[in-house]
Amino acid sequence: MTNLAPDHIRAIAPYQGGKPITELAREMGLQVEEIVKLASNENPLGISPKAEYAIQEALLDIARYPDGNSFALRDAVSHKFNVAPNQIVFGNGSNDILELAARAFLIAGCETIYSQHAFAVYPLVTQAMGATGVVVPAKNFGHDLSAMLSAISVKTRMIFIANPNNPTGTLLGKDELFDFLKQVPSNVLVVLDEAYDEYLSAEHKSEAISWLSEFDNLIISRTFSKAYGLAGLRVGFGLCHPEVADMMNRVRQPFNVNSLAQAAAVATLADDDFVARSYALNQAGMLQLTQGLQKLGLEYIPSFANFISIRVGNATDYYRKLLENGVIVRPVANYEMPEYLRVSIGLFAENAKFLAVLEKIMKEIA
Ligand SMILES: *Cc1c(COP(=O)(O)O)cnc(C)c1O
């Protein structure tokens, strides 16, 4: 049957997510409570209490279809980010936004550009369209913007930039990014993926939304899965020129964002305190982990997000031994980083358990 699928579909390597807690519990005969998952950059605080209440309310109406235009959420995002309602596209997670951009604008045979070590979904959505991904070598694990500019050809339709990037946690400077956008031809779309913007300090926070008036070819992608804590509900959004939004909406499933997700997202957007607590916890946890890693003499890539990639050497061995000890992290060999493990920042006790197990494994392996 597989030969019925076109070559470009058969060539796709499926996305590998973090191992679910229940799966490890089954495999290792562990209790769910003793497992620590630091593998998918989820919010260790869980969800905003306001979102939880909103979900319970929305559940009463769950027999109805969701609002296909996400009116209340559109209104909330429009006010919060100071964009017009017709500049917003909602997605089933921001993954959906990446896919809508690809489906609306890519054709078979065209090219997209993304960086080595950049988020795995860019090649996936590119390949699904029969387009060709051009991978530009990274510079110090981050995007090399001048090399990406040089990679633009007559076939280029789209450039993906993750800022901060996953899994490296690297961040591009605002001036550098702005200069880059000025040099990208206007017939090439730039998808700027800002899934971790809420984890940036005030000085580093993105200003790209204010650039939308200048760049009609810019699509900014945001998510409720990370700092907003709604990964399981699947909701994200794209901000762009109204005509770009119009094209993306034409290929969107009419009810791609479910009603619980819409209600929870509206409530979370209004809960600044929850996002502030999430940010503060991440700052403290990042310090706890980096200090612990320095004590262990392990190299890591300085990160601006809610995870950190650590150079352990034989990452396959470390990954397996961490699992045996009830700690799930993320191997990143598929990102051409076979010596690294990506670890999400968790609660204080989760980070402490990870560091303790890591130290034990280092002694066993030495
Ligand atoms: C997690 C992540 C996303 C997508 O998450 P969704 O849950 O689909 O919103 C997008 N981009 C990057 C860089 C990510 O790390």
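Springs join every pair of Cα atoms under 10 Å in this Gaussian network model of the chain, and among Ser259, Ser150, Ser225 the largest mean-square fluctuation is at Ser150. One quarter of the convex hull surface built on the alpha carbon atoms of the stretch 137-179 amounts to 3.3 nm², the projected area averaged over directions.
Remark: the Glu57-Glu34 segment gains 5.1 nm on full extension, using 0.36 nm per residue and subtracting the alpha carbon distance. For the chain, the relative contact order comes to 24 percent (Cα pairs under 8 Å, sequence separation of at least 6).
For the stretch 141-259, rounded, prolate or oblate, judged on the Cα gyration tensor with a ≥ b ≥ c (square roots of eigenvalues), a/c < 1.5 rounded, else prolate if a/b > b/c? Because a/c hits 1.5 or more and a/b fails to exceed b/c, the stretch 141-259 counts as oblate. The listed peptides 193-199, 4-10, 141-147, ordered by packing as a protection proxy, come out as 193-199, 141-147, 4-10 (highest mean of other Cβ atoms within 10 Å first). Along each principal axis, taking the top coordinate minus the bottom one, the Cα set of the stretch 10-49 gives 41, 31, 14 Å in descending order. The average projected area of the stretch 49-270, computed from the convex hull of its Cα atoms over all directions, is 11.5 nm². Show the residues, 5+ positions off or on another chain, whose built amide H is closer than 5 Å to the amide H of Leu218. The answer is Val190, His241. Taking the DSSP beta bridges with both ends in the stretch 49-270, the antiparallel portion is around 35 percent. Note on the stretch 1-69 and the stretch 70-138: Cα centroid distance 20 Å, given to the nearest whole angstrom. Whole angstrom only: what separates the Cα centroid of the stretch 303-327 from the Cα centroid of the stretch 155-211? So the separation of the two Cα centres works out to 27 Å. Assign one of three labels to the stretch 117-188, namely rounded, prolate or oblate, based on the Cα gyration tensor with a ≥ b ≥ c the square roots of its eigenvalues; rounded applies when a/c is under 1.5, prolate when it is not and a/b is larger than b/c, and oblate otherwise. Oblate shape, in that a/c is at least 1.5 and b/c is the bigger or equal ratio. Computed over protein heavy atoms with a 1.4 Å probe, the accessible surface of the chain works out to 45 Å² per residue.
Quickly estimate the mean residue ellipticity at 222 nm for the chain, helices only: each DSSP H run with n ≥ 4 gives -39500 (n - 2.57), and the total goes over all residues, rounded to 500. Value at 222 nm, helices only: -12000 deg cm²/dmol. In whole percent, and with a 1.4 Å probe on the protein chains, what portion of the accessible area of the chain is carbon and sulfur? Ligands and nucleic acids excluded, carbon and sulfur reach 54 percent.
The values are calculated or read from the model by the stated rules, or taken from the named source; none is laboratory data. Keep in mind it's a predicted model, so treat the numbers as computed, not measured. Cβ sites come from the backbone with ideal geometry, for glycine too, and all protein chains shown count toward neighbours. Surface areas here come from the heavy atoms of the whole protein model, side chains and all, with no ligands, DNA or RNA. Shrake-Rupley method; radii C 1.70, N 1.55, O 1.52, S 1.80 Å.
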